[in-house]
Amino acid sequence: MLKCSTSLWSADLTNLGADMARVEPFSERFHIDVADGHYVPTMLFFPDQVKALRSRTRVPFEIHLMTTDPMAWVEPFAEAGTDILLFCLDSANDPGQVLQAIKQRGMRAGVSLLITEGLDLVEPFWEDLDVLTIVGTAMGIKGASMDETVPEKIRAARAIIAERGLKTEIEVDGGIRRNTVPRMAAAGADWIVPGSLMFGEDPAEMRRWLATL
């Protein structure tokens, strides 16, 4: 069954603690997007904020760096209580070095692939990946529809993972809608990153629906 890494970007940011508590029973982890205003034209979340939120829940925190220098953020977010640290593959000069730095700080590590990027770019790093996040929309945009290339990319990633006996989890971030999630599940995704699908609906009813896929 698909698991939920619930995106706090879609929570009520004026009452974040209460909104987290409302959906916590229906979320396996919280997905926190971090944007520096350079990699994408958005600014989102920061280490001190994440540290403050850490005491509000025991649910694991998954930080998704949408920044121009992911290495610079490894230590601050480790100190803030991050469990999983993801970064955009094309944002790092040496992705392997960033993956190793994340693991050395005791966190699980992953990368995200833009809709324009193929799985061939992941080839040197599969053994170090705990999570592969397949981005389903243009990066840094909320509310867009899923790109039609996503299900095939999921299937191709699932085939590689199975063939090599890897434990890498496949997560899909972007375009998470009632009409797209069944296609993601059928293609072999392990996780989705629901935003409005979680916060904009009855989360208990949504999870019952998700269990039927």
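The values are calculated or read from the model by the stated rules, or taken from the named source; none is laboratory data. What you are looking at is a predicted structure, and each value in this text was computed from that prediction instead of being measured. Here the Cβ positions follow ideal geometry from the backbone for every residue, glycine too, while neighbour counts run over all protein chains shown.
Key figures
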read-out	value
Scan of the range 141-167 for residues that are of a type in the set (D, E) and out of contact with any helix residue (DSSP H, G or I) (no Cβ under 8 Å at 6 or more places or on another chain), ordered by number	D147, E148, E163
Criterion (within 30 Å of R22 (Cβ to Cβ), surrounded by fewer than 16 Cβ atoms within 10 Å (Cβ to Cβ) and not hydroxyl-bearing (S, T, Y)) met by exactly one of G118, G106	G106
Criterion violated by S10 - all others in (1) closer than 17 Å to I84 by Cα; (2) of a type in the set (S, T, N, Q); (3) touching a residue at least 12 places away in the same chain (Cβ under 8 Å) satisfied	(1)
Residue within the range 188-201 that is buried (at least 22 other Cβ atoms within 10 Å of the Cβ), within 21 Å of M66 (Cβ to Cβ), at pLDDT below 95 and touching an Asp or Glu at 6+ places or on another chain (Cβ under 8 Å) present	no
Residue within the range 87-104 that is of a type in the set (A, V, I, L, M, F, W, C), under 17 Å from D69 (Cα atoms), under 14 Å from the mean Cα position of the chain (by Cα) and at pLDDT below 95 present	no
Output for the range 181-213, where each listed residue is part of a loop (DSSP other than H, G, I, E, B) and either in contact with a helix residue (DSSP H, G or I) (Cβ under 8 Å, 6 or more places away or on another chain) or under 18 Å from R22 (Cβ atoms) (or both)	G188, A189, V193, P194, G195, G200, E201, D202, L213
Test for P124: is it out of contact with any strand residue (DSSP E or B) (no Cβ under 9 Å at 6 or more places or on another chain), at pLDDT 95 or above and either crowded, with 20+ Cβ neighbours inside 10 Å or under 30 Å from E152 (Cα atoms) (or both)	yes
Restricting the range 168-179 to residues that are assigned to a loop (DSSP other than H, G, I, E, B) and out of contact with any helix residue (DSSP H, G or I) (no Cβ under 8 Å at 6 or more places or on another chain), the residue that is farthest from E117 (Cα to Cα)	N179
The range 149-167 - residue that is outside any helix (DSSP H, G or I) and surrounded by 12 or more Cβ atoms within 10 Å (Cβ to Cβ) and, of those, modelled with the highest pLDDT	L166
Of residues in the range 33-83 being of a type in the set (D, E, K, R) and crowded, with 20+ Cβ neighbours inside 10 Å, the one nearest to L132 (Cα to Cα)	E62
